[in-house]
């Protein structure tokens, strides 16, 4: 069976190769694992909580309706990164056989009452689509304003990519883009040809054209490729030593060597939806170099 509903999680397996699969936890609709021919593509902390007690550390957590923590505005009472990653989504089933595709849904009725009360009177419908091919994983979010007034939101795929050694990794294709460095609290135009990792990195690259491909390169070879649609911003993050030590669920403590977060989203600004309006954003993750026919 290409789709196995295990109750607390769903496993989607490619029909041509049982070792190519994706595992999704219903809590947060969090992708926990994505393997191609048995090779893991994502990083998941050994200390990640999978019992619904807190958001999962690793995989692909979903950020909605706010990125980070805001000091003012309609989302200021919400916890960091909102409630999508802390809510149990409804598994809607398989929607396509080739490529195998499944969907999850979230509405206010699925969110903890205390949490949703911190963002009141904003009716919404989220449909999350996960599509698996032999060489890629595509995740798509559809956000609908089901209310009678406009509201605004952020969205982010908080993708943790697995690498062998982050000190050997470069992330390409940001020169000329506007960057907000969350550590320096400064905005500047990126001049360097690549992002490298010898210390903590926490940057938001803003308003990037959809046509720009982002590549993670290790020792001269592409190991991950990202293509976006409708997601103008990319967060690049590695917690390094001190930040990793401060996160109880980040294990092993030197695990930062084996991960890099390349997170496409709509986070530099809020997206406003009018009543009845829908918005779609997606990421296509490819193991090495992008095969354009798979887009």
Read-out Cα extents along the principal axes in Å, derived from the coordinates shown; its label in [x] 56, 44, 42; [y] 51, 49, 38; [z] 60, 43, 37: [y]
Label point 7 Å beyond Cα of residue 96 along Cβ direction - residues of the range 115-139 with amide nitrogen under 15 Å: 128-139
The range 212-295, relative contact order [Cα under 8 Å, separation at least 6], %: 40 percent
Ranked 160, 180, criterion: other C-beta atoms within 10 Å, fewest first: 180, 160
Normalised contact order of the range 68-185, rounded percent, pairs of Cα under 8 Å and 6 or more residues apart: 16 percent
Residue order, fewest to most surrounding Cβ atoms within 10 angstrom, among 43, 34, 279: 279, 43, 34
Prolate/oblate/rounded call for the range 27-177, Cα gyration tensor, a/c under 1.5 rounded: prolate
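Per residue, how big is the convex hull around the C-alpha atoms of the range 98-234? Give it to me in cubic angstrom, could you?
170 Å³
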Percentage of interatomic Cα-Cα distances in the range 1-77 larger than 13 Å: 70 percent
Between the range 121-173 and the range 184-214, the Cα center-to-center distance that results, in Å: 18 Å
Top of 246, 281, 82 by mean-square fluctuation, Gaussian network on the chain, Cα under 10 Å: 246
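When the helices in the chain are scored as -39500 (n - 2.57) per DSSP H run of 4 or longer and the sum is shared across all residues, what 222 nm value do you end up with, to the nearest 500 deg cm²/dmol?
The helix contribution divided over the chain gives -500 deg cm²/dmol.
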Normalised contact order of the range 17-105, rounded percent, pairs of Cα under 8 Å and 6 or more residues apart: 24 percent
Exposure proxy order (Cβ contacts within 10 Å, fewest to most) of 20, 140: 140, 20
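We did not get these values from a lab; they are worked out from the coordinates using the rules stated. Keep in mind that this is a model prediction, so the values were computed, not measured. Ideal geometry is used to build each Cβ from the backbone, glycine not excepted, and the neighbour counts take in all protein chains shown.
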